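Q: If you scroll down you'll find the structure; I have some questions about it.
Please treat every number below as a calculation from the coordinates, not as lab data. None of the values given here were measured: they were computed from a predicted structure. Here Cβ is always computed from backbone atoms with ideal geometry, including for glycine, and neighbour counts include all displayed protein chains.
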Amino acid sequence: MDFGMKNRLARIIKPEDGKTVMLAIDHGYFMGPTGGLENINRSITPLLGYADSLMLTRGILRSQIDAGIDIPVILRASGGTSILKDDLSDEDITVSMDDAIRLNASAIALSVFVGSKNEKQGIVNLSRLVDKGYKYGIPILAVTAVGREMARDARYLSLAVRIAAETGANIVKTYYCEDFEKVVETCPVPVVVAGGKKTGEREVLELAYNAVKHGAAGVDMGRNIFQSENPIGMIKAVRAVVHGRLAPEDAYNAVYKKESD
Ligand code: 5RP
């Protein structure tokens, strides 16, 4: 691996502890004006100082994010299907490498829908992006998206994550599940977990804690942070769990609640 690739990865996954808190705000590429992302300046700008990286689309990056930010960008580069369709798996690469470089991306993200009817398309798209990523020293983050009909269990997620890593992804994002250690153990590259739909703060801190305990390199989390009643408290609490290994209950009481007072 060349210096550029290693250096970009080190900006995302902190070399001090091998952990990361990625803030994901790319939902609009298929969900439109997602709750909490209607006004990026109001809801997301105050969180940027607490995230290790920011995952988003080029449209939001160009129009809403101050170019002076000191935070690595993970550029969403797949899409093509909206939430209005039953099957979300029909995605292609939607950003050229030229534009990713122009936007100073530290990594490029795309979804692969293993087991879906567009499985091959996703895996081939990933391999094309990996070829280009190595050409220019930009890591590729594969998002193992789960179709509505697919179980989020260790058997399926291990398969999806391993296929993404075998195809060349440098980081793989997936969901937390029971027996999560099996997913991580068989994946040769760092695994990060999504937060999923908004749920209780305590549950999410528990999820982050357990994910890291069972081998995850951290989280790539969106809705459970920016849809929280107290997003700053929540991202600080997630950091305390991921980087500080604070127990979830302590992070909830001493960080999340304290910030709300
Ligand atoms: C969409 C994504 C999102 O970034 C991802 O799901 C993370 O956000 P959340 O924590 O809200 O699930 O990759 O495909």
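Q: Among the residues of region 74-102, which ones are away from the ligand (no atom under 13 Å from the Cβ), crowded, with 18+ Cβ neighbours inside 10 Å and in a loop (DSSP other than H, G, I, E, B)?
A: V95, the sole residue that qualifies.
So that you can scan it fast, the table gives a plain yes or no per residue for (1) farther than 22 Å from R42 by Cβ; (2) not β-branched (V, I, T):
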| site | (1), (2) |
| --- | --- |
| G168 | yes, yes |
| V172 | yes, no |
| V192 | yes, no |
| E201 | no, yes |
| A211 | yes, yes |
| F226 | no, yes |
| E229 | no, yes |
| I235 | no, no |
| E249 | yes, yes |
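Q: Let me ask something additional. Can you go through L54, L48, L61 and tell me which one is touching a helix residue (DSSP H, G or I) at 6+ places or on another chain (Cβ under 8 Å) and either surrounded by 14 or more Cβ atoms within 10 Å (Cβ to Cβ) or in contact (Cβ under 8 Å) with a residue 60 or more places away in the chain (or both)?
A: Within the list L54, L48, L61, the selection yields L54.
Q: Any idea which of (1) within 12 Å of the ligand (Cβ to nearest atom); (2) farther than 17 Å from Y50 by Cα; (3) in contact with a Gly (Cβ under 9 Å, 6 or more places away or on another chain) is the one V238 doesn't satisfy?
A: Here V238 meets the rest and fails (2).
Q: For a quick check of your reading: which helices (runs of 4 or more DSSP H) sit entirely within region 183-247 and have at least 2 residues that are without any contact (Cβ under 8 Å) to a residue 24 or more places away in the chain? First the steps, then the outcome.
A: Numbers: elements: 201-213, 223-226, 231-242.
Result: 201-213.
Q: Which of the residues belonging to region 157-180 are over 15 Å from G122 (Cβ atoms) and either of a type outside the set (A, V, I, L, M) or without any contact (Cβ under 8 Å) to a residue 12 or more places away in the chain (or both)?
A: Matches in region 157-180: S158, N170, Y175, Y176, C177, E178, D179, F180.
Q: Hey, another quick one. Looking for something of a type in the set (S, T, N, Q) and more than 15 Å from the chain's Cα centre (by Cα) - is there at least one such residue anywhere in region 6-25?
A: Within region 6-25, the subset of a type in the set (S, T, N, Q) is 7, 20.
From what is left, the residues that are more than 15 Å from the chain's Cα centre (by Cα) are 7.
Taking every residue of region 6-25 in turn, at least one turns out to be of a type in the set (S, T, N, Q) and more than 15 Å from the chain's Cα centre (by Cα).
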